[in-house]
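A short reminder: the numbers here are calculations on the coordinates, not readings from a lab. Values in this document were obtained by computation on a predicted structure and should not be read as measured data. Quick reminder, even Gly has a Cβ in these numbers, built from the backbone with ideal geometry, and neighbours come from all protein chains shown.
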Amino acid sequence: MSATNTVDPSEIAKFEAMAAEWWDLNGKFKPLHMMNPVRLEYITSQIAAEFGRDLQEDAPFKGLRILDIGCGGGLLCEPMARLGATIVGADAAERNIPVAKIHAEQSGLDIDYRHTTAEAMAEAGEQFDAVLNMEVVEHVADPLGYLTACQRLMKPGGIHICSTINRNAKSFAMAIVGAEWVMRWLPKGTHEWNKFITPDELFALMTKAGMQPVDRKGFVFNFAQFSWSISDRDLSVNYVTAATKPVE
């Protein structure tokens, strides 16, 4: 199977421009830093359940090979490395990689960061127990082609964790008007509402790509408490999914 190019150059340029700010808690990636605890709670619980790991043990993910595709500055890679995983962080935005590498070195962590794409890694025959695909699918040119590449990167029995933004009036108000225009957490134009994907659409795309969707939850922001939580019911704006690759 030949690789298809799902990278959108205009989307890459947006994140290239912000690369140096990945680890600034009050910079342009403040929303991700705020969301990171609930992202990690969901990711670690799903991986632990899938592979029978006890998160209370030392290095519970030892022996697992995990890919964070669209890794940015390494906000998820570093916690995975601390949990004992062999972690590869890949990003199509070249300027993100040196930032991630330097921060990992300063933190004493061994992380394999690469400037590459999901398609290129799939073509090379790379395989992972878990693929983390967080806040990326709404930025690619071809969601089905991209998710198919992610499926090829999974070992049989592996798990795919994917988060994105729902497409409705509320998500426009919250993710674009609120986050970009009012709060100015992100530069205007970071997101394009017409690229947002509903949970049903994402489940259908993952199924078509050869995955088996098994779970979905909402990430809900509480303005009164100024914090994020995981919801079983409210997937109206940010949400996360889990899917597995069937064992043939």
*Projected area of region 22-69, taken from the Cα convex hull and averaged over every viewing direction, in nm²?*
4.3
*asked:* Viscosity 1.002 mPa s, temperature 20 °C: what is the translational diffusion coefficient of region 69-163 from Stokes-Einstein with a Kirkwood Rh over Cα pairs, rounded to a whole number of µm²/s?
replied: 160
_Exceeding the 29 Å Cα-Cα cut-off - candidates LYS30/LYS101; LYS101/LYS170; LYS195/LYS245; LYS30/LYS155; LYS101/LYS217_ = LYS101/LYS170; LYS30/LYS155; LYS101/LYS217
*Considering the dipole of region 84-179 built from charges on the beta carbon (Lys and Arg +1, Asp and Glu -1) around the Cα centre, which of VAL88, CYS150, VAL137 is farthest to its positive end?*
VAL137
